[in-house]
Structure formats: structure tokens, C-alpha cells
């Protein structure tokens, strides 16, 4: 879906890329449609927006579960090419706005020859998949009030499972071992549930995720980058990941980082700012995030035209 501002072009434009998981063009979760909201906001303010259903979702063919990030990168590159071919779009002002894994895909695209002219990441990871999982495991134990010893044991058990996955290429064997380890870690789950979890943890996509390190390609990124994270994000911790990404982007023409107060991983505003409908608070896309993205894109568009 391409939305184009009113008036005469050509317009600056962005491709929106959603987070991990098969999602439609709006990245809808219930009634919350972050990419749809962001697309409308930007289009009404002079920026054309292209967004699309992930593979196997909505009107897109294919199977998302069989697509590793390198395959999804080709989808993003095709979207940028499509934008640059249209007369109402300024081909020198085409960027990518990516959320979560989509932000890391945007940075991968920026490291390629046919790169976007600028990139905005929302809660992109700056850690390898393995390190991110272990950090999240530690954070989970802390949030549950576990002792330091309990947290360390939990992290060690998760690390042992990840090591088995990475060191056992035979999926049948890996799934059997992981299922047993999951049951040992949590005896309350039955073997059928453990086998289902083990099968998800041994897919090609998850194996790629564990070995993926964003830092590997960052030195090849030359375009301007805006890195956004929320202080209420419990999935991608703001400081650690922003700092890691910023260190890696040493060749970028400019790197701006911003922590958004009260914003969570879904880029929802603080609950105190949510809209109330029929007496019930409804999740709202962060207004400060929207405005930060808009302002930065306009600056890039203006500078490119000089």
C-alpha cells in the first residue's frame, strides 16, 4: 500500500518494515495498528509511505516461517526499487523505517550497494541473538524478584539450551535434546508442549537469529541513521542496544540516538497518555516518536536537496 501526500511531488518517501513475526502491512495486534498509524501520520505531513504484508500474510504469497532475514532483505530492496521507479517519489530521498527486527533489516539494507538514503530504527537490537536472549533471561528473573544466584542459574540453563541448538545441526536430534532440557528446566510442562517449543527453537529462522550479530555489517553503513528506543522497553533495553549500534555505525555520515520516555517495545506511549474509548484506555502510538521520526526525515529530505 502506497500512500502519497496531497499536492505536487516528487515527495520524500519511506518503506515501513515491521518487527519479527508474520504481520500485515499495519503490524496489527488487536486494535493496535502501529504501522498504519505511523503511515497516516507521515503521509499527512508530506512524506509518502510504502508498507506491505509480510510473506504469507494478507495479500502476500510465500511462507514467512521459511524466510530468514537475508530473504526478507530482498523484499525490502524490492520495495525501495518500486518507490524509486515512481514519478511522484523523489528517488534521492527514499528511506526505511524499521521496528525491532525490521530496524536491523533496514541497517542491513543500508550496508548494501543499493542502500536507502536514510534509516530510522525503532527498538533495533545492537546485540547478537544469543546475547540478547541471555540478557532477556536475566531481566526476566530480575523482574520476578529472583535472587542473584537464581538469576545466574536461569541464565546458565538457557545458555546450555542455546549451545545445544547451535552445536547440533541435526534437527531431529536437537529437538529431542532441547525438549528434554526444557522439561528439566520446567517440570510443570508436559512433553508434548516441550516438543512444540523445541521445534520452534530449532527452525532455520531461529538458528539464524541466534548467530546474527548486527555489529558485523554496521561499519558498511554510510547513510544517516536515527536510532530510537523507549525507556519502558523490557525486550530491547535502550542503553545497551543504542550504545552498541552507535559504536558500530562509525562510517555513517550522521548518527542520532534518542531515548523516548515511557515508550515500550511496541512504541506505545505511557498508559497515562492512552486514548479512552467507551471508558477503556486504548494503546496509542507514541506522539513523541511520531514527531521525532517526522522531523528527522524532513531534515534529511531538505539536506539531500541542497
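The values are calculated or read from the model by the stated rules, or taken from the named source; none is laboratory data. Values in this document were obtained by computation on a predicted structure and should not be read as measured data. Counting neighbours? That spans all protein chains shown, and the Cβs are built from the backbone with ideal geometry, glycine included.
Annotations
- Residue within region 70-78 that is buried (at least 19 other Cβ atoms within 10 Å of the Cβ), within 23 Å of residue 227 (Cα to Cα) and touching a residue at least 60 places away in the same chain (Cβ under 8 Å) present: yes
- Residue 234 being modelled with pLDDT under 95, assigned by TED's automatic domain parsing to the domain that holds residue 109, under 17 Å from the mean Cα position of the chain (by Cα) and surrounded by fewer than 17 Cβ atoms within 10 Å (Cβ to Cβ): yes
- Only one entry of 104, 65 meets the criterion of being over 21 Å from residue 38 (Cβ atoms), touching a helix residue (DSSP H, G or I) at 6+ places or on another chain (Cβ under 8 Å) and part of a helix (DSSP H, G or I), and that entry is 65.
- Some residue of region 253-266 being out of contact with any strand residue (DSSP E or B) (no Cβ under 9 Å at 6 or more places or on another chain), modelled with pLDDT of 95 or more and closer than 25 Å to residue 114 by Cα: no
- Test for residue 134: is it touching a residue at least 60 places away in the same chain (Cβ under 8 Å) and either buried (at least 17 other Cβ atoms within 10 Å of the Cβ) or within 28 Å of residue 237 (Cα to Cα) (or both): no
- Extreme residue, farthest from the chain's Cα centre (by Cα), among residues of region 267-287 that are surrounded by 19 or more Cβ atoms within 10 Å (Cβ to Cβ) and either under 17 Å from residue 257 (Cα atoms) or modelled with pLDDT under 85 (or both): 286
- The condition of being modelled with pLDDT of 90 or more and either closer than 30 Å to residue 55 by Cα or touching a strand residue (DSSP E or B) at 6+ places or on another chain (Cβ under 9 Å) (or both) holds for only one of 177, 201, 182, that being 201.
- Enumeration of residues in region 1-40 that are buried (at least 20 other Cβ atoms within 10 Å of the Cβ), free of Cβ contacts under 8 Å to residues at least 40 places away in the same chain and part of a loop (DSSP other than H, G, I, E, B): 23, 25, 26
- Filtering region 292-304 for residues that are at pLDDT 95 or above, farther than 18 Å from residue 108 by Cα and in a loop (DSSP other than H, G, I, E, B) leaves an empty set.
- Among the residues of this structure, residue 124 counts as one that is surrounded by 17 or more Cβ atoms within 10 Å (Cβ to Cβ) and part of a loop (DSSP other than H, G, I, E, B).
- The residues of region 41-58 that are free of Cβ contacts under 8 Å to residues at least 40 places away in the same chain and either over 16 Å from residue 285 (Cβ atoms) or surrounded by 18 or more Cβ atoms within 10 Å (Cβ to Cβ) (or both), listed by number, are 53, 54, 55, 56, 57, 58.
Results for (1) under 30 Å from residue 246 (Cβ atoms); (2) in a helix (DSSP H, G or I), shown as yes or no for each residue.
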residue	(1), (2)
161	no, yes
174	no, yes
179	no, yes
182	no, yes
187	no, no
210	yes, yes
227	yes, no
233	yes, no
